[in-house]
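Worksheet for the structure shown next.
The values are calculated or read from the model by the stated rules, or taken from the named source; none is laboratory data. Treat the numbers as computed from the prediction; the structure is a model and nothing was measured. Glycine also receives a Cβ, built like all others from the backbone with ideal geometry; neighbour counts cover every protein chain displayed.
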Amino acid sequence: MDEESTSPPAALEEQAVLEVDTVELGPDVEADICGLAESLSRDNVCSLVCDPEGFQARLVDDGMSGGRCYQFRCDLGADTVISVGMCLP
């Protein structure tokens, strides 16, 4: 997992916003994003991509600052990589 911090959008909402930006699939792969994420180790924040509240809580627990947006590149295995954006209030 790679992460990158960016400035928040001008109108940052009061609750966290999680968005899957891109999905990269290998040839002949039909991915169940949530199923693949759930199979990751629980200590991997990418395992929470289908649980926005859990994802937010993990970032806060890990010391990420509020009022910022973060970008993660998550390798879910099975030739599936997703880009996930999370803005913390």
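Scan (1) in contact with a helix residue (DSSP H, G or I) (Cβ under 6 Å, 6 or more places away or on another chain); (2) at pLDDT 80 or above for the single condition residue 1 breaks and write down its number.
(2)
Mind checking whether some residue in the stretch 72-81 is acidic (Asp, Glu), surrounded by 14 or more Cβ atoms within 10 Å (Cβ to Cβ), part of a helix (DSSP H, G or I) and modelled with pLDDT of 90 or more?
no
Out of the residues in the stretch 32-41 that are of a type outside the set (Gly, Ala, Ser) and part of a loop (DSSP other than H, G, I, E, B), which is nearest to the chain's Cα centre (by Cα)?
The extreme case among them is 40.
Could you tell me how many of the residues in the stretch 42-71 are assigned to a strand (DSSP E or B) and among the hydroxyl-bearing types (Ser, Thr, Tyr)?
Summing the residues that are assigned to a strand (DSSP E or B) and among the hydroxyl-bearing types (Ser, Thr, Tyr) in the stretch 42-71 gives 1.
Residue-wise test of (1) loosely packed, with under 12 Cβ neighbours inside 10 Å; (2) touching a helix residue (DSSP H, G or I) at 6+ places or on another chain (Cβ under 6 Å); (3) modelled with pLDDT of 90 or more; (4) not β-branched (Val, Ile, Thr).
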site: 9; (1), (2), (3), (4): yes, no, no, yes
site: 21; (1), (2), (3), (4): yes, no, no, yes
site: 40; (1), (2), (3), (4): no, yes, yes, yes
site: 59; (1), (2), (3), (4): no, no, yes, yes
